[in-house]
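Visitor: Attaching a single structure in structure tokens format; questions to follow.
Readers should treat all values here as calculations from the given coordinates under stated rules, not as data from a laboratory. Note that the coordinates shown come from a computational prediction; the quantities given were computed from them, not determined experimentally. Here the Cβ positions follow ideal geometry from the backbone for every residue, glycine too, while neighbour counts run over all protein chains shown.
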Amino acid sequence: MVELASNGKKDGYRVERYTIEVLPKDAVLDGNIANLDAVVDSVRRAWKRLGTSTRNVAMALPSSAVISKKIIVPAGLRDEELEAQVELEANQYIPFSIDEVNLDYQVLGPAPSAPEELEVLIAASKKERVEDRVAVADAAGLKAVVLDVDTLAALSAFELIEQQLPAAGKNQVIALIDAGAHVMNLTVLRNGQQVYAREQAFGGAQLTSDIVRHYGMTHEDAEAAKRAGKLPEGYEAELLNPFMEGLALEVSRALQFFFTSTQYNQVDHIVLAGGCAVIPGIDEVVATRTQVNTLLANPFANMSISDRVRAKSLLVDSSSLMVACGLALRRFDPS
């Protein structure tokens with residue numbers, strides 16, 4: 001959970017509070033909430049530890065639960081005409097009845113090939129996937145006001161990171177790797193436009209399972225020890241280093257898929273995000289394997305920090321907070 005506020009300057013933000021709560025094993029499976037009570041308890045605990053009075057929240061669905069498509073529509077349509085056009089187009093791309101989904105759209109701007117037309121992003125998800133998230137918020141005493149897509153939320157936060165790159169990343173090909181517990185997402189961007197996306201089944205849960213098996217710990221103890229760095233001697237050589245090499249290999253494979261599927265044959269920077277990115281030295285291992293400049297995502301680098309936040313802890317955790325940061329930024333959307 002991340003709470004942001006304006007710092008009084010133009011487009012300036014302050015990190016008010018943040019907290020991380022580890023979900024129980026198998027509480028969420030393949031992006032589905034498998035144990036509602038366990039997830040509600042975790043959210044409630046996190047909110048209490050956050051120490052905020054804010055109850056409105058922005059939440060995210062996994063990209064695998066959302067069908068999205070860019071469409072082109074005539075410019076100058078009234079709102080109701082645009083909604084009708086979106087629904088008509090959505091019927092062609094959604095493999096189930098429109099009554100079974102939550103549908104939304106975002107006008108991206110003039111169409112690249114025809115300025116007199118508009119490019120619109122439509123997104124749809126099965127109602128039960130949306131209702132599960134809303135139910136978690138309700139049961140935890142919170143109100144879900146925004147439901148985003150995890151990859152789109154991460155891209156919102158990435159805009160802050162892009163400003164930290166040479167020439168603010170202009171005309172550069174940037175690979176954003178978000179490596180979470182079970183899934184690694186690769187998103188390749190150029191000048192703020194997504195040119196490629198791929199999802200691979202690989203994540204930090206694999207390392208936790210290795211710790212459970214190797215040391216006979218419970219899942220919860222293994223996860224806590226992994227995060228705190230309190231594991232027996234030999235852990236690095238026997239488990240951590242092979243995992244890091246495996247992650248670097250997965251990144252390299254994902255980039256190879258990108259090169260063979262597009263006209264691009266190189267990337268200028270790799271930005272690492274997600275829970276796996278907090279592993280000390282992971283950026284160096286990935287850089288060595290891929291031979292590409294690699295940096296850790298820190299969307300908070302140019303933000304001010306409230307007295308309630310420990311700057312050192314935020315620096316360590318920042319790369320795992322990309323989605324949460326992107327969701328908090330929704331509060332500042334002009335619309």
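Visitor: Of the residues M303, M244, which single one is under 21 Å from the mean Cα position of the chain (by Cα) and under 28 Å from N191 (Cβ atoms)?
Guide: Of M303, M244, the one residue that is under 21 Å from the mean Cα position of the chain (by Cα) and under 28 Å from N191 (Cβ atoms) is M303.
Visitor: Exactly one condition in (1) under 20 Å from the mean Cα position of the chain (by Cα); (2) surrounded by 20 or more Cβ atoms within 10 Å (Cβ to Cβ); (3) assigned to a helix (DSSP H, G or I); (4) among the charged types (D, E, K, R) is not met by K226; state its number.
Guide: All conditions pass for K226, except number (1).
Visitor: Taking the range 193-211, which residues are outside any helix (DSSP H, G or I), out of contact with any Ser or Thr (no Cβ under 9 Å at 6 or more places or on another chain) and of a type in the set (A, V, I, L, M)?
Guide: A201 - this is the single residue of the range 193-211 that is outside any helix (DSSP H, G or I), out of contact with any Ser or Thr (no Cβ under 9 Å at 6 or more places or on another chain) and of a type in the set (A, V, I, L, M).
Visitor: Considering only residues of the range 108-117 that are within 11 Å of K70 (Cβ to Cβ) and of a type in the set (A, V, I, L, M), which is surrounded by the most Cβ atoms within 10 Å (Cβ to Cβ)?
Guide: This residue is A111.
Visitor: Within the range 111-149, track down each residue that is in a strand (DSSP E or B), within 26 Å of W47 (Cα to Cα) and under 20 Å from the mean Cα position of the chain (by Cα).
Guide: Selection gives A144, V145, V146, L147, D148, V149.
Visitor: Among (1) small (G, A, S); (2) farther than 24 Å from V2 by Cβ; (3) crowded, with 20+ Cβ neighbours inside 10 Å, which single condition is S125 missing?
Guide: (2)
Visitor: Those residues that are among the charged types (D, E, K, R) and closer than 15 Å to D150 by Cα, I need them from the range 26-40; list them, please.
Guide: Once the filter is applied, which keeps residues that are among the charged types (D, E, K, R) and closer than 15 Å to D150 by Cα, the range 26-40 yields only D30.
Visitor: Go through the range 307-335 and report how many residues are surrounded by 14 or more Cβ atoms within 10 Å (Cβ to Cβ), in contact (Cβ under 8 Å) with a residue 24 or more places away in the chain and of a type outside the set (A, V, I, L, M, F, W, C).
Guide: 6
Visitor: A further question follows. Could you count how many residues in the range 150-192 are of a type in the set (S, T, N, Q) and in a strand (DSSP E or B)?
Guide: Within the range 150-192, residues that are of a type in the set (S, T, N, Q) and in a strand (DSSP E or B) number 2.
Visitor: Only one residue in E87, E81 is over 28 Å from V183 (Cβ atoms), acidic (D, E) and out of contact with any strand residue (DSSP E or B) (no Cβ under 8 Å at 6 or more places or on another chain). Which one?
Guide: Only one candidate qualifies: E81.
Visitor: Identify, from the list F243, F257, the residue that is assigned to a helix (DSSP H, G or I), of a type outside the set (S, T, N, Q) and under 15 Å from A179 (Cβ atoms).
Guide: Residue meeting the stated conditions: F243.
Visitor: Sticking with this structure for a sec: For the range 300-312, what are the residues that are farther than 13 Å from A5 by Cβ and in contact with a strand residue (DSSP E or B) (Cβ under 9 Å, 6 or more places away or on another chain)?
Guide: Correct list: N302, A311.
Visitor: Could you count how many residues in the range 260-287 are assigned to a helix (DSSP H, G or I) and under 19 Å from the mean Cα position of the chain (by Cα)?
Guide: Looking only at that region, the number is 6.
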